[in-house]
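Notes for the one structure printed next.
Values quoted throughout were computed directly from the atomic coordinates according to the rules given, and no laboratory measurement underlies them. Nothing here was measured: the structure is a model prediction, and the numbers come from that model. A quick note on method: Cβ atoms are made from the backbone with ideal geometry, for glycine too, and the neighbour counts reach across all protein chains shown.
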Amino acid sequence: MRLGDRDRGNVEDRRGLGGPGLRLGVGGTLVLAVLSVIFGRDLLSEVGGGSAGIESGQGAPEQVERRKAGEAELEDVAVTSFNDVQQVWSRALGRSWRPATLVLFWDGTRSGCGDASSAMGPFYCPLDEKVYMDLGFYRELAERFGAPGELAQAYVVAHEVGHHVQHVLGIASRVREAQARDPAARNRLSVRMELQADCLAGAWARTVGDRGKLDPGDVEAGLQAAAAVGDDRIQRAETGHVQPDAFTHGSSAQRARWFRAGYERPSLDACDTFAE
């Protein structure tokens, strides 16, 4: 994959910033407690039990610069893909588009949606319209989930920007309203939201290919990344069994299928995962 826009106008680099320990609060603690049950992993202890928390990548200036230098290639993929995805959706949506911001952090940070830990993985916060990412997730994607490669990494960014597209178009707010009206459908609607973001990521990847900027094997890497973070695969790896009723993002097969659907027919209509 060959993307070249390294502009950092919409990038907020918080790596190495010191500060007090993060406090998750009641809501954040409950979310991590539920995730701990689903994945059979004590996420609360990983982020300091929701009280003392974790410090956000503090260290001597030379240590911070060394650590940043070690992430230079990962940072380049994140920034260039973030810029490219935004340019594609800006052209597609015109005046209704609002640019998002990419926040790079280590270990933990504060977002408009509350305190966040790198254990949560990359996420989009609609309240401040920012994508949050600890670049260490890319290593986990390759080593733990077996999905290496630049397009696999870019897929993560494109998926999160896909949530910004949903926010800008009002899809996200309509889904939240539907979830409030029918709490029993909360997980099912969440899965549809995530699959649509996968499809939007696939649609973006197609534009990269149409511009001749994909290398052989890139599309397969994107499909592999989408499948690698399927709920069934993660649950099986973490607990040894699968709980479909607890899915919030979709199965590996669903995620890969919708990424491919967006790639093969790059349009919002093709990404209507709610019509199924």
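So how much slack lies between His241 and Leu268, counting 0.36 nm per residue of separation and subtracting their Cα-Cα distance, in nm? List each step's numbers first, then the result.
Values: separation 27, 0.36 × 27 = 9.72 nm, distance 3.45 nm.
Length gained between His241 and Leu268: 6.3 nm.
Rg/Rh for region 130-207 to two decimals, with Rh computed the Kirkwood way over all alpha-carbon pairs. A ratio of 1.04. Calculated translational diffusion coefficient of region 148-271 (37 °C, 0.692 mPa s; Stokes-Einstein with Kirkwood radius over alpha-carbon pairs) equals 223 µm²/s. The packing ranking, built from the mean of other Cβ atoms within 10 Å per residue, places the peptides 218-226, 171-179, 111-119 in the order 218-226, 111-119, 171-179, highest first. Which far-off residues, 5 or more places away or on another chain, put their amide H under 5 Å from the one on Phe123, with H placed in the peptide plane? Amide H to amide H, under 5 Å and 5 or more residues apart or across chains, Phe123 pairs with Tyr132. Protection proxy ranking for 204-210, 11-17, 242-248, using the average of other Cβ atoms within 10 Å per residue and placing the highest first: 204-210, 11-17, 242-248.
A protection proxy built from the mean count of other Cβ atoms within 10 Å ranks the segments 156-165, 86-95, most packed first, as 156-165, 86-95.
State whether region 82-169 is rounded, prolate or oblate according to the following rule on the C-alpha gyration tensor (a ≥ b ≥ c being the square roots of its eigenvalues): a/c under 1.5 gives rounded; otherwise a/b larger than b/c gives prolate, and the remaining case gives oblate. In terms of gyration-tensor shape, oblate.
Once both labels are positioned 7 Å from their Cα atoms along Cα-to-Cβ, the gap between Asp215 and Glu65 label points is 3.0 nm.
Can you pull the Kirkwood radius for region 208-273, inverse mean 1/r over Cα pairs, to one decimal in Å? Answer for region 208-273: a Kirkwood hydrodynamic radius of 13.0 Å.
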